[in-house]
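**Student:** Below are the structure tokens for one structure; questions will follow.
The values are calculated or read from the model by the stated rules, or taken from the named source; none is laboratory data. In this text the structure is predicted, and so the values were computed from the model without any measurement. Note: ideal-geometry Cβ built from the backbone for every residue, glycine included; neighbour counts use all protein chains shown. These accessible areas exclude ligands, DNA and RNA; they are computed on the full protein's heavy atoms, side chains included. Shrake-Rupley method; radii C 1.70, N 1.55, O 1.52, S 1.80 Å.
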Amino acid sequence: DAGVTQSPTHLIKTRGQQVTLRCSPKSGHDTVSWYQQALGQGPQFIFQYYEEEERQRGNFPDRFSGHQYPNYSSELNVNALLLGDSALYLCASSLAAASPLNSPLHFGNGTRLTVT
Amino acid sequence: DQQVKQNSPSLSVQEGRISILNCDYTNSMFDYFLWYKKYPAEGPTFLISISSIKDKNEDGRFTVFLNKSAKHLSLHIVPSQPGDSAVYFCAASGSTSGTYKYIFGTGTRLKVLA
């Protein structure tokens, strides 16, 4: 049973560049959420995709955008990178029809993004 | 606006004793509460959950208590083992637009001493 997979594992970018992170959800899941975890902080909700649409969004600027494909995989795009975007980016999947009791978020191991 | 707070950044406990991790929240609309454990270089893994209509849920060595009037939940680990050393995040979840959104606390680093 494949869990949540993210790529790449690590990434180094320069200020002003653009980056795309990828995520494949756990088998059977249809909803993908993205989180940013800065050093020493908890995961901060960026947005959530279901049925190829952004369903909910956290307090992140428009530089952060995403996409979900028909096979439920997802991408996170960040434009005009800032030094403060350096963080661990976590993808998590779940089943929309189920409550958190029956289908809690399953996380990938994350992508470590460093902006220099 | 931090809706979910974990006020203790770290906790050290002797092996075999009880570990108690605390979490407070501000939004009374949350329906579910969860605890996750995170080891270095791994994503958070689900540990235990509780519905807002319950006040206790137990799973082996792990018990979560919910006090709705105080907007407080806690995770008890008994007995604590060295392998429990990790960062623990509490999360609160509510439904909007047909899907559940999870808000996480800042985490508590638990160290179980052998």
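**Student:** Quick check: residue separation of A:R22 and A:E53 times 0.36 nm, minus the Cα distance between them. What number comes out in nm?
**Tutor:** This chain segment gains 9.5 nm when fully extended.
**Student:** Next up: In chain A, once you exclude exposed GluC sites (Glu not before Pro) (DSSP loop, at most 14 other Cβ within 10 angstrom), what's the longest stretch remaining?
**Tutor:** A:53-116
**Student:** Could you work out, residue by residue across B:31-39, how many beta carbons of other chains sit within 10 Å of that residue's beta carbon, and then give the average as an integer?
**Tutor:** Taking the mean over all residues of the peptide, I get 3.
**Student:** Suppose we look only past 13 Å in the calculated P(r) of the range B:1-43. What percent of the Cα-Cα pairs does that tail hold?
**Tutor:** Looking at the range B:1-43, the distances longer than 13 Å represent 70 percent of pairs.
**Student:** Looking at the range A:5-115, what % of its DSSP beta bridges pair antiparallel, to the nearest 5?
**Tutor:** 90
**Student:** To the nearest 20 debye, what is the magnitude of the charge dipole of the range A:5-115 about its Cα centre, counting +1 on the Cβ of each Lys and Arg and -1 on the Cβ of each Asp and Glu?
**Tutor:** 400
**Student:** What is the interface area between chains A and B, defined as buried accessible area summed over both chains with a 1.4 Å probe, reported in Å² to the nearest 100?
**Tutor:** 2000
**Student:** Over the Cα atoms of chain A, what radius of gyration and what Dmax do you get, in Å?
**Tutor:** When restricted to the Cα atoms of chain A, Rg and Dmax are 13.5, 41 Å.
**Student:** Number of Lys pairs in the range B:51-114 with C-alpha atoms less than 22 angstrom apart, excluding same-chain neighbours closer than eight positions?
**Tutor:** For the range B:51-114, qualifying lysine pairs total 7.
**Student:** List for the range A:69-116: residues with 40 Å² or greater reduction in accessible area, all protein chains versus chain alone, probe 1.4 Å?
**Tutor:** Residues passing the criterion (a loss of at least 40 Å², heavy atoms only) are A:P100, A:L101, A:P104, A:L105, A:F107, A:N109.
**Student:** Using a 1.4 Å probe on the protein heavy atoms, what percent of the accessible area of the protein assembly as shown belongs to carbon and sulfur?
**Tutor:** 47
**Student:** Would you mind working out the magnitude of the charge dipole of the protein assembly as shown relative to its Cα centre, with +1 at each Lys and Arg C-beta and -1 at each Asp and Glu C-beta, to the nearest 20 Debye?
**Tutor:** Using Cβ point charges on Lys, Arg, Asp and Glu, the protein assembly as shown gives about 580 debye.
**Student:** Per residue, how much accessible area does the protein assembly as shown have with a 1.4 Å probe, in Å²?
**Tutor:** Per residue, the protein assembly as shown has an accessible area of 47 Å².
**Student:** Here is a follow-up. Which whole-Hz couplings ³J(HN,Hα) result when phi for each residue of the range A:100-116 is put into the Karplus expression 6.51 cos²θ - 1.76 cosθ + 1.60, θ = phi - 60°, listed in order with x for Gly and Pro?
**Tutor:** My calculation for the range A:100-116 gives x, 5, 9, 9, x, 4, 10, 9, x, 7, x, 10, 8, 9, 10, 10, 10 Hz in order.
**Student:** Compute the distribution of all C-alpha to C-alpha distances in the protein assembly as shown, in bins of 5 Å from 0, and list the percent of pairs in each, rounded to whole numbers.
**Tutor:** 1, 7, 15, 18, 19, 17, 12, 7, 3, 1, 0
**Student:** Right, another one. Given Cβ point charges of +1 (Lys, Arg) and -1 (Asp, Glu) and nothing else, what value in debye, to the nearest 20, does the dipole of the range B:4-113 about its Cα centre take?
**Tutor:** The calculated dipole for the range B:4-113 is roughly 180 debye.
**Student:** Of A:P100, A:P25, A:P43, which has the largest mean-square fluctuation in a 10 Å C-alpha GNM of chain A?
**Tutor:** Greatest mean-square fluctuation among the candidates belongs to A:P100.
**Student:** Between B:N27 and A:H67, what FRET efficiency follows from the Cβ-Cβ distance if R0 is 25 Å, with the result rounded to 0.05?
**Tutor:** It comes to 0.30.
**Student:** Report Rg (one decimal) and Dmax (nearest whole number) for the range B:4-113, counting Cα atoms only, units Å.
**Tutor:** Here Rg and the maximum Cα pair distance are 13.5, 45 Å.
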